[in-house]
Amino acid sequence: MSGFNKVVGSYEEAMAGLEDGMTIIAGGFGICGIPENLIKEIKKKGTKELTVVSNNCGIDGFGLGILLFDRQIKKMVSSYVGENKTFEEQLLAGELEVELTPQGTLAEKMRAGGAGIPAFYTATGYGTQVGEGKEVKEFNGRKYILEESITGDFAIVKAWKADTYGNLVFRHTAQNFNPMAATAGKITVVEVEEIVEPGELDPAHIHTPGIYVDRLILGTFEKRIEQRTVRQA
Amino acid sequence: MALSRDQLAQRVAREMKDGYYVNLGIGIPTLVANYVPAGMEVMLQSENGLLGMGPFPTEDEVDADMINAGKQTVTAATGASIFSSAESFAMIRGGHVDLTVLGAFEVDVQGNIASYMIPGKLIKGMGGAMDLVAGADNIIVTMTHASKHGESKLLNKCSLPLTGVGCIKKVVTDLAFMEIKDGKFWLIERAPGVSVEEIVAKTAGELMVPKDVPEMQF
């Protein structure tokens, strides 16, 4: 590595330094735009007691779901976990902790975390279980709860293209939580489908500037589809 | 006769206006897209980060990177935009979406909604529902009037964990169209052939019934 070149040569190197008990922020929505190979590397490393912040927890056998089988995850912070039987079993058995967090609040927690904002007020969740125990404040006659932002020891991100400086472009709705996750990791690791030279990406079309990115690796992706819905041609 | 799922969607669709940005939840709300009145343009928002959701792709167009909030493969409509989840929820939480349609387990006379969790039974999570109900002014809940076991879903007080408080003003069920105000349900329309008596019998929460309750027309 030299200068602004963020490219690393192996997945071992990409996830070096990940230890038991750390917090990982992961991009992806369902299994769309997930850092699938970085997740596989975490499985390979066998790191335990992880707190994982991700909108979903993959599906059985793919994405973050593969970390459940070896009980590597201690706690999930997610908005929706309905597509994963292992998850539900471990949760009902009390083996897995989950902090259900509204999707917009989750996105904002990551965004704020990455932007140095420690907490924010939101109407989302006021008067519900999500708001229990949280500070309530009234602004202009409406009640809001105080939500604390999130940062992680690691952020794992999937982008489409990058230049070697770590400037990122996402593809279609595979963008989802990835840009916020990228800002919120002490060490942000990104895997991409294509790496180009600096100058090849239009500076005005960069979704995530390279300043947020620490390590970059070129991967090949399976890209499974959760709900394949089609119409007749 | 109680409304079919499609008729329910059709009735909800009449609440749309030309130029509306609309977020449709999973299930019956999704069907509303099929009944946008002719000559009207609406743009569908999908909370994973798509404004201008198009139809499902053809087999050749299927793209794993192009999905909606229900994780279904979709296409982008002409004039669509794609963005991050934070941007998406800024639209929702900032009140920029004109109409939100979502399902529920229960709704009560205070406009409270329970739609995401049955304790001990079903662990799924709220997804974007809490953000949607907190952020939108114009929300329509679609659901069956009573459960499979005949228990009313329109209550004086929700019994399940809440998704939002005091946020629901309109409910369309398979039996009736109701508004919520002043701590009561107000019967506005009934499904064709459904009697006011049946609606009253299946509404556990306080229900105001005007003299004349028109039938929905299809």
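No lab work stands behind these numbers, since they all come straight from the coordinates. Keep in mind the model is a prediction, meaning the values are calculated, not measured. As a convention, Cβ positions derive from the backbone with ideal geometry for all residues, glycine included, and neighbour counts pool all protein chains shown.
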Practice item. Please work out, to two decimal places, the log10 of the ratio I(q)/I(0) at q = 0.08, 0.09, 0.15 Å⁻¹ from a Debye calculation in which every Cα of region A:1-153 carries one identical scatterer. Key: -0.26, -0.33, -0.84
Study note, to complete from the structure: Straight-line reach check, A:LYS109, cutoff 14 Å on alpha carbons, 8 or more apart in-chain or any other chain, hits among aspartates and glutamates -> A:GLU99, A:GLU147, A:GLU148, B:GLU87, B:ASP131
Practice item. Would you work out which of A:THR122, A:VAL230, A:ASN56 lies farthest towards the positive end of the dipole of chain A, given +1 charges on the beta-carbon of Lys and Arg and -1 on that of Asp and Glu, about the Cα centre? Key: A:VAL230
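For region A:100-233, count the residues as N, evaluate 2.2 N^0.38 Å, and divide the Cα radius of gyration by that value, please.
Details: Rg = 18.1 Å, N = 134, 2.2 N^0.38 = 14.1 Å.
Its radius of gyration relative to the 2.2 N^0.38 Å reference: 1.28.
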**Study point:** Calculated SAXS-style log₁₀ I(q)/I(0) at q = 0.09, 0.12, 0.13 Å⁻¹ - the protein assembly as shown, Debye, Cα scatterers
**Key:** -0.59, -1.01, -1.16
Check your understanding: Which percent, to the nearest 5, of DSSP beta bridges fully inside region B:5-208 are antiparallel?
Key -> 50
Exercise for review: May I ask which of A:LYS44/B:LYS124; A:LYS158/B:LYS169; A:LYS45/A:LYS223; A:LYS6/A:LYS137 have a Cα-Cα span longer than 32 Å here?
Suggested key: A:LYS158/B:LYS169; A:LYS6/A:LYS137
Exercise for review: Report, by chain and number, residues whose modeled amide H sits under 5 Å from the one on B:GLY125, excluding near sequence neighbours (fewer than 5 apart, same chain).
Suggested key: A:VAL81
Review point. Computed from the mean reciprocal separation of all distinct C-alpha pairs, what Kirkwood hydrodynamic radius does region B:5-208 have, in Å?
Key: 17.5
Study note, to complete from the structure: Distance in Å, no decimals, from the C-alpha centre of region A:163-177 to the one of region A:186-221 is 7
Check your understanding: Assigning unit charges at the beta carbon (Lys, Arg +1; Asp, Glu -1) and nothing else, what dipole magnitude in debye, to the nearest 20, does the protein assembly as shown show about its Cα centre?
Key -> 760
Revision key, fill the gap. Whole-Hz Karplus couplings 3J(HN,Hα) for region A:166-178, θ = phi - 60° and coefficients 6.51, -1.76, 1.60, Gly and Pro as x, run x, 5, 10, 10, 9, 10, 6, 7, 6, 5, 5, 7, 4
**Study point:** For region A:1-74 and region B:68-125, distance of Cα centres in Å
**Key:** 27
Practice item. Sequence neighbours fewer than 8 away in the same chain don't count; with that in mind, list the aspartates and glutamates whose C-alpha is under 14 Å from B:LYS211. Key: B:GLU189, B:GLU197
Check your understanding: So which aspartates and glutamates can A:LYS48 reach, going by Cα to Cα under 17 Å and dropping same-chain residues fewer than 8 places off?
Key -> A:GLU12, A:GLU19, A:ASP20, A:ASP70, A:GLU95, A:GLU97, A:ASP153
**Study point:** Note, ³J(HN,Hα) from phi for region A:115-130, Karplus 6.51, -1.76, 1.60, rounded to Hz, x at Gly and Pro
**Key:** 9, x, 9, x, 6, 8, 9, 9, 6, 4, x, 4, x, 10, 4, 4
Review point. Placing +1 at every Lys and Arg Cβ and -1 at every Asp and Glu Cβ, with all other atoms neutral, what dipole size does region B:1-132 have around its Cα centre, in debye to the nearest 20?
Key: 500
Point to revise | Listed residues A:ARG171, A:ARG142, A:ARG215, most fluctuating in chain A (Gaussian network, C-alpha, under 10 Å) | key: A:ARG142
Review point. For chain B, modelled as a Gaussian network with Cα springs under 10 Å, which listed residue fluctuates most, B:ASP174, B:ASP98, B:ASP18?
Key: B:ASP18
**Study point:** Within chain B, helix-based [θ] at 222 nm, where runs of 4 or more DSSP H residues each add -39,500 (n - 2.57), nearest 500
**Key:** -4000 deg cm²/dmol
Practice item. With only alpha-carbon atoms counted, please give the Rg and Dmax of region B:1-43, in Å. Key: 10.2, 33
Point to revise | Ellipticity estimate at 222 nm from DSSP helix runs (n ≥ 4, -39,500 (n - 2.57)) divided over chain A, nearest 500 | key: -5000 deg cm²/dmol
Point to revise | In Hz, Karplus ³J(HN,Hα) per residue of region A:70-75 (6.51, -1.76, 1.60; θ = phi - 60°; x = Gly, Pro) | key: 9, 6, 7, 9, 8, 8
Review point. Mind checking the mean number of beta-carbon atoms from other chains within 10 Å of the Cβ atoms in B:52-60?
Key: 3
Practice item. Between B:ILE168, B:ILE118, B:ILE188, find the one with the highest GNM mean-square fluctuation for chain B; connect C-alpha pairs within less than 10 Å. Key: B:ILE118
Exercise for review: Amide H neighbours of B:LEU44 under 5 Å, at least 5 residues apart or on other chains, H built in the peptide plane: list them.
Suggested key: B:VAL22, B:GLY52, B:MET53
**Study point:** Long-range amide H partners of B:HIS145 with built H, under 5 Å
**Key:** B:ASP174, B:LEU175
